[in-house]
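Below is one structure, written out as structure tokens, with a few remarks after it.
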Amino acid sequence: MRRIFAQTKKEFTQILRDRLALALVLVLPLLILLLLGSAISLTVTELPIVVQDFDDSTASRNFIDAFRASNALYVVSWPSNRKPEESFNGNRGRAALIIPAHFERNILRGSSAPVQFLVDGSDANTANLVAGNAIRIIRAYNAGGGADTAPVKAEIRLWYNPGLSSDKYSGPGVFVLAMSMFPPLLASLAMAKEGEKKTILQVYVSNIPAQQYLLGKIIAFTLVGIAESIPLIILLRTYFGLSFVGDPSPFLVATVLYAFCVASFGVMVGALIPSRVAAIQVVALGGFLLVFLLSGLIFPIDNIPPELRWISDFVWGKYYIYVVRDAFLQGSGWPSTWLRNVVIAFMGSIFYFLAWGTMRRMQVKA
Amino acid sequence: MQNLTARVFNHRVAALIQKEFSQVRRDRRVALSLIVPPVLQLLLFGSVLNSKVENLRLGVMDDSRTPQSRELVAVLTDSRSFRLSGYYLSSKQLSDAIARGKIQAGVVIPYDYARTLQRGRQASVQFILNAMDANTATIARNYAEGVIATYGMGLRSSGLRANGRQNDSRGSSHHGQVDLQVSFLYNPGLVSSWFTVTGIFGLLCILNGSLVAAATMVREREAGTIEQLLMSPASTSEIIIAKITPLFFLLCLMALFAISLMRVVFHVPFHGSFLVVAGAAALCLLSGIGIGTFIATFTKSAEQAQLSSFFVNPPVASLSGALTPMEAMPHWMQPLAQFNPIYHFGVIARGSMLKGSGITTLWPHFLALLAFTVVLVSLSVWRFRKQLG
């Protein structure tokens, strides 16, 4: 036990001495959470649409007012002698509403009045949102503001995030990304450095066994991870307006386990690859790319093609993201999260044993 | 000017360029790392990052258990947006399933659903969506409303609701219905990879360019051979030009490879001119090399250069509109993207490839890209010379 803590203490001395490393763990994650957390979102609330009114009547102006009243779209003026598609260059308009002549006459006659809505489809998701919003506006307009006469009415309830704020989705996701990147980065660097500078030989000749040596390192970087999470959680609460709903204990346990898991991952990488440059690349791949792409950070996992989707089951970030989102948004507590906690701990132990497997004999490789 | 071009391409520079090329040839890993990871990333990002809302798991709690309620469920699950995941007996079970993520949406049909319909009154069903993912929830809400509205119209025209029709005719005598004809330009199938892949391409040009440039620039210093170069009669700008040329050449190969990948694998259309995209990509690569060289001048080892790029890359990548629409960013961040080469590249690539716009409409973005390239390259050359001097 004493040897483990001595090892941990030694790691801390080294981390505190390295200013670049400290900035990596304490400053950069906050920056990333602030930038990515609010920038990486798909839900666009104010989209410009251009309107060309060839009828120019009371009815058509009333109709355009229905679009003006929406807070998802805003109307940009566009000269009627220019092609509406030109506004799509440089995103001055995302869609064009074209009201043909005789719109008012058709409306007053009680016949159907066609209106064209051209959507810039180059960004498929935004196009979908614009079209959906326009259809909703039209539906409300056709109902005429009076009593809804549709035979079946869908009463839609948006659970867990009634304001449909995408920050509340991406904030926790980026929190997990930051947690998956920096502690393992430092851990792998510290471990690979010992291999590179051959100080590992001093460890080999000392009387510390491999398990204790590795555990000492892992404990140090687990603590680093926990320390990193605290300012991040504060930022989530203040800037992103998220607070714990329900029982926070699954989240707290998962955070400790996840810090252990990523620290073990870093130590394992460093033990397997005694080169700092290569170790950074592996951590960037495992910590950043896999977690960013395959854990449901921005885009739902269900959208990943099935040939690749199975990989996401092996990405540790996927389980932690679920627990974090549950703690901040759903609040369903232990029943839905205990298994994920177990998986995180299990994956961490696998990394630990893999690292131990390479270190076990404490001998210079022939 | 003529004097300068003559100096640049004199024998000394040619010899130095040859030296850099043979170094690259000897170290196959550099060439490999220039081609393989970008290709893999393009493939992975393009196929994984998909925002399509399809096949959401729908749970049903049907208290009505009538042909009418079963028809509603069938209509909902017939659409591509939802698929039936299971029936639940109580609202507790349904909300548990949503909380556990087993289903993403739930529909609750009340016990008097069929009776209300037959009496000609408005029947309401509750539609619950897990809105944690705001984007999916927004689109799913639109789908659900649309499906139910169409279903309602079908009911009305089939005459099931006599009273309702009366209501309706009274309503429509006042004004006709607006018929919105939506058409999606440039991407009628709404393939989301077209957007992602064009953005990722710009991202790769900058990030890969900077990564490789930083590694190459730092290597000579790490090995200590930089002094030998300085002792040679070549001037510092000649050394830099010689260092950049083979990198630029290889990165251009990577870009060509990526463009053909976009064409063959993702079927991104190519409505505009190839030269526009290639020119913009070349400018992007040069700015990337500029960023990398700049980073390299501040660092002493390859490890430090890589770590420093962690400070540069995430902001550059996230404020670029490459993966997500620009308008989704907070307002105070949006102007920052104007200072991001990836943003301008994205506008050019999408404008040219998807929309077929030419240089006449895209020139402001070209100008911006050119300005960045000039500033970044000269800044890095200046830093580099200062360090060598």
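No value in this document is a laboratory result; all are computed from the given coordinates. Note that the structure is predicted; figures quoted are calculated from it, not measured. When we count neighbours, we look across all protein chains shown, and the Cβ atoms used for this are built from the backbone with ideal geometry, even at glycine.
Observations
- Spacing of the two label points (7 Å from each Cα toward its C-beta) at residue B:271 and residue A:207, in nm: 7.7 nm
- The mean number of Cβ atoms from other chains found within 10 Å of a Cβ in peptide B:301-309 is 5, as a whole number.
- Residue with peak Gaussian network fluctuation, chain A [Cα springs, cutoff 10 Å], from A:264, A:336, A:87: A:87
- Between segment A:239-316 and segment B:85-158, the alpha-carbon center distance in angstrom: 34 Å
- Tensor-based shape of segment A:285-366 (alpha-carbon gyration tensor, a/c under 1.5 rounded, otherwise prolate or oblate): oblate
- Here segment A:27-71 and segment A:145-211 have alpha carbon centers that stand 30 Å from each other.
- Sites residue A:19 and residue A:83, calculated FRET efficiency, Cβ-Cβ separation with R0 35 Å, nearest 0.05: 0.05
- Take each residue in B:42-48, count the other chain C-beta atoms within 10 Å of its C-beta, and the mean is 4.
- Normalised alpha carbon radius of gyration of segment B:56-164 [divisor 2.2 N^0.38 Å]: 1.06
- GNM result for chain B, Cα springs below 10 Å: residue of B:287, B:318, B:235 fluctuating most strongly: B:235
- Residue among A:344, A:210, B:93 farthest towards the positive dipole end of the protein assembly as shown, charges placed on Cβ: A:210
- Within straight-line reach of residue A:9, meaning a Cα separation under 19 Å, sit the following lysines at least 8 residues removed in sequence or on another chain: A:193, A:217.
- Sorted fewest first by neighbouring Cβ atoms within 10 angstrom, B:133, A:53 come out as A:53, B:133.
- Put in order of Cβ neighbour count within 10 Å, fewest first, the listed residues B:365, B:344, B:267 become B:267, B:365, B:344.
- Which of A:20, A:268, A:310, positive extreme of dipole for the protein assembly as shown (C-beta unit charges): A:268
- Once the chain from residue B:257 to residue B:119 is taken as fully extended at 0.36 nm per residue, the excess over their C-alpha distance is 43.1 nm.
- Extension gain for the segment residue B:150 to residue B:21, taken as residue separation times 0.36 nm less the Cα-Cα distance, is 39.9 nm to one decimal.
- Choice from B:194, B:332, B:363 showing the highest fluctuation, given a GNM over chain B with Cα pairs closer than 10 Å: B:332
- Computed over the protein assembly as shown, the range of Cα coordinates on each principal axis works out to 94, 73, 40 Å, biggest value leading.
- With neighbours defined as other Cβ atoms within 10 Å of a residue's Cβ, the residues A:239, A:352 order from fewest to most as A:239, A:352.
- Cβ-Cβ FRET estimate between residue B:375 and residue B:71, R0 fixed at 60 Å, reported to 0.05: 0.40
- Computing Rg and the Kirkwood Rh from the Cα coordinates of segment A:47-143 gives a ratio, Rg/Rh, of 0.95.
- Placing a pseudo-label 7 Å from each Cα along the Cα-to-Cβ vector at residue A:278 and residue B:264 gives an inter-label distance of 3.0 nm.
- Fully extended contour minus Cα-Cα distance, from residue A:239 to residue A:30, at 0.36 nm per residue: 74.1 nm
- Two-site FRET efficiency, residue B:92 against residue B:36, from Cβ-Cβ distance with R₀ of 45 Å, rounded to 0.05: 0.30
- Here each label is just a point 7 Å from Cα along the line to Cβ, and for residue B:383 and residue A:140 those points are 5.1 nm apart.
- Calculated [θ] (222 nm, deg cm²/dmol) that DSSP helices of n ≥ 4 give over chain A, each run adding -39,500 (n - 2.57): -19000 deg cm²/dmol
- Using distinct alpha-carbon pairs, which all enter the 1/r mean, Kirkwood radius of chain A in Å: 24.0 Å
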